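The values are calculated or read from the model by the stated rules, or taken from the named source; none is laboratory data. Source: prediction; values computed, not measured. Positions of Cβ are backbone-derived with ideal geometry, glycine not excepted, and every protein chain shown enters the neighbour counts. Surface accessibility is based on the protein's heavy atoms, side chains included, excluding ligands, DNA and RNA. Shrake-Rupley method; radii C 1.70, N 1.55, O 1.52, S 1.80 Å.
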Amino acid sequence: MADGPVAGAATAAAPEGDFERIGAVADAVLCEGYLLYPYRRSSAKNRVRWQFGVLFPRDWVESDGPVAPTVSGSADSWYQRTECLLRTPRPGASVHVRLRFLQMQRKQVQEAGADGGHRDVPSLRAADGTVHLTFDEAVPREAALTLSLDERVVRGTTAPVGAPGGTDVEPLPADAGRVVRVREELRGSVTVTAERSAPDLVRLQVRTTHTGLAPGPRTARDEALRGAFLATHTLIGGDGVEFVSLIDPPAGLHDQARACRNEFTFPVLGGEPGTARVVLSAPIILPDHPQVAPESPGDLHDAAEIDEILTLRTMLLTDEEKREARATDPRAAAILDRVDTMPPEVFARLHGAVRSLTPARPVTPLGDRPAWWQEGGDDGLSPATDTVLADGVPLGGGSRVRLRPRGRGADAQDMFLTGRTAEVAAVFHDVDGGVHLAVALDDDPASELHTWYGRFHYFRPDELEPLEPAPSDTPAAEA
C-alpha cells in the first residue's frame, strides 16, 4: 500500500517533525546510486543499478539457478530485520514505523507506425526536438504503521505493504509516438514485535518481507528487479520513548545492544546530536545522527561523493552528453538544470566551510605532524612520552599490547586485527577529550617503514590488553 497508513494501523499521529528533520538523509538513502554521474543511459556504471536495499521474492533469491543470485553471494535478500532498543519512561508510549522504498517503473519509448500501431524503440526524437530514451525509472513509495507498546509487547503486529501496478501512457507531440510507463504490483509485509527486557527497556523488532510471487528461477536480475522493493529502509519514531545508540550504547546497556540482531540493514540514531527520538535503519552503513551538509544545494545521487567535484564535472559535460542525460531520466534533467543555473555564491559554498575557529589539538600521526606543532607546545601534551591507563597499567611509547577492538563502534577493518600484538608508538588526545594510541603491528613486514613515516593503527585504551608495563622512566609512570 503506497503513501499513507497501512491497513489496520492505528490512527495516532506520527512524529512528523522528527521524520522531517532526518528527511534529507533518508532521501539520500532512497536515491543512493539511483543514477550516477555522468547521468547518461550509455554510461557503463548506469547499466547495473539498484545495489542497496533490494528485496526480491524469497523463492527467487534462494534459487540455485545460475542467473539468480543467492543471499550468500549478494546484498540482495527477501527480507530486512531491524532490532533496536528504546526506553519507555511513561505508560502509553507508542512507536511509529515508516517503510520507504522505490518501485521500478519501466519507461518504454514507442514510435508511431503508418498503420496506427506502435513499436518499441530505444530512442525517439519528437517534433519539438526533445529526445526520449527507453530507461528504467523508479517511483518513491511509503507505508506507515503506529502501535502502542502496551498492547504489543508480547504479540506482534503484521500489516501488508506494497504498491499497485499500473500503466501510464504519454503521447508525444505531432503523433510521433508515445512513452509508456509500466509498474508491476509489489506485495510485502511489515511485522513489528516488542520484548520488554527491563521495566523501562524494550527491544523492538521490525521485519520487512517480500511476499509477492517469484519469477522463474532463471530470470535475469534486471528483469526480476521489476517486481522488487528497491532502496528499502525504515524510519522508526516514538511518542514517550527514547532510543538507545547501538553504535555507542550507554554504560550498562552494552550487552543488550550487542544482543540486537540486524540483517541487511544498519539502524542509527537520527535527528540532531543529543536527541534520540528517531532511528534510521538503512541498507548502507551510517554514523549516529547523519546529516547532509547545509552547503549542499541538492541530491546528486552519489551520496558518498563530493558536491563540488560532481558539480564541476557535470559543468564540463558536452552539450550532446547533457542532451542524453536529460533524455535519460527526469531526475538527471533536474540535476543538470540545478548545476547549469547555480548562482556563483552557491557554488562558492561547495568548496567547504569552517565549522569552528577553536584551536585543535593535533591528532595526526607522528610523521604527519602540522608544521606548527612542537613537542610540549600544547598544554603540556607529549604524544611520544605521555601514558594512559589500560586495565590499570600505564601504556605509552614502547609498550607492547594485544589488540581487542570493540564489537560495536570500532572501525570494521580493525576487526581483522583482533588478537594480534603490537607496540605503542604514541598517545594522542583529540579535541573532544578522547585518547587514542598509535600502534605498529608486530607481524607487519612493513612495520619499520610505517613507523618511519608515521603510518599507524589507532585504538582506544579499552581496546588494548597490556602485555607488559609501560616504561618506568615516563613522567606518568613516575607520578
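Side notes on the structure shown:
- Qualifying residue in region 321-335 (condition: at pLDDT 90 or above, in a loop (DSSP other than H, G, I, E, B), under 30 Å from Phe135 (Cα atoms) and of a type outside the set (S, T, N, Q)): yes
- Some residue of region 143-160 being surrounded by 20 or more Cβ atoms within 10 Å (Cβ to Cβ) and closer than 30 Å to Ser42 by Cβ: no
- Per the listing Leu145, Leu133, Leu124, the residue uniquely touching a helix residue (DSSP H, G or I) at 6+ places or on another chain (Cβ under 6 Å) and modelled with pLDDT of 85 or more is Leu133.
- Filtered by the rule that a residue be open to solvent by 20 Å² or more (accessible area, probe 1.4 Å), of a type in the set (Gly, Ala, Ser) and within 24 Å of Trp50 (Cβ to Cβ), region 275-297 gives a lone residue, Ser296.
- Only one of Ala176, Ala163 that is farther than 30 Å from Ala276 by Cα and crowded, with 20+ Cβ neighbours inside 10 Å: Ala163
- Tally, over region 77-94, of residues that are open to solvent by 20 Å² or more (accessible area, probe 1.4 Å) and not in a strand (DSSP E or B): 5
- Residue under evaluation Ala390, criteria (1) at pLDDT 80 or above; (2) over 37 Å from the mean Cα position of the chain (by Cα), criterion not met: (2)
- Selection of region 299-320 for residues being surrounded by fewer than 16 Cβ atoms within 10 Å (Cβ to Cβ) and either in contact with an Asp or Glu (Cβ under 9 Å, 6 or more places away or on another chain) or part of a loop (DSSP other than H, G, I, E, B) (or both) yields Ala304, Glu305, Ile306, Met315, Leu316, Thr318.
- Residues of region 170-186 satisfying the condition of being in contact (Cβ under 8 Å) with a residue 12 or more places away in the chain and either touching a His at 6+ places or on another chain (Cβ under 6 Å) or not in a loop (DSSP other than H, G, I, E, B) (or both): Pro173, Ala174, Asp175, Gly177, Arg178, Val179, Val180, Arg181, Val182, Arg183, Leu186
- Here Ala138 fits the description: open to solvent by less than 30 Å² (accessible area, probe 1.4 Å) and of a type in the set (Gly, Ala, Ser).
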